[in-house]
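What follows is calculated from the coordinates using simple rules that are stated; it is not laboratory data. Quick caveat, the model's predicted, so the values are computed rather than measured. Positions of Cβ are backbone-derived with ideal geometry, glycine not excepted, and every protein chain shown enters the neighbour counts.
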Amino acid sequence: MNEGWHWPVASRKAHYFRKGRSLCNRWMYCGTLVGSQETGPELGPDDCRECHRRLMKEKADRNAK
């Protein structure tokens with residue numbers, strides 16, 4: 001899986017990765033990603049705020065088309 005949530009070792013939050021790069025552009029990761037975590041409209045307490053915001057914006061843009 002090349003897209004999903006992961007918690008980097010040195011990070012305080014979980015980040016959403018796509019093609020090895022987090023959506024907030026602060027982290028890189030080449031391992032296996034967790035595809036089981038769903039992303040809802042509410043920000044989780046352990047989720048990166050910027051990754052969540054960008055993912056929700058992408059979903060809204062796709063639904064608007």
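Taking the range 33-57 as the range and being farther than 14 Å from G4 by Cα, touching a residue at least 12 places away in the same chain (Cβ under 8 Å) and more than 10 Å from the chain's Cα centre (by Cα) as the test, the residues that pass are P41, G44, D46. Checking each residue in the range 1-26 for being touching a helix residue (DSSP H, G or I) at 6+ places or on another chain (Cβ under 9 Å), part of a loop (DSSP other than H, G, I, E, B) and not aliphatic (A, V, I, L, M) picks out K13, C24, N25, R26. A60 satisfies every condition listed in (1) hydrophobic (A, V, I, L, M, F, W, C); (2) loosely packed, with under 14 Cβ neighbours inside 10 Å; (3) assigned to a strand (DSSP E or B) except (3).
Against the conditions (1) within 11 Å of E3 (Cα to Cα); (2) touching a residue at least 24 places away in the same chain (Cβ under 8 Å), C30 satisfies every one except (2). Picking from residues in the range 12-36 that are exposed (fewer than 14 other Cβ atoms within 10 Å of the Cβ) and among the polar types (S, T, N, Q), the one that is farthest from E58 (Cα to Cα) is T32.
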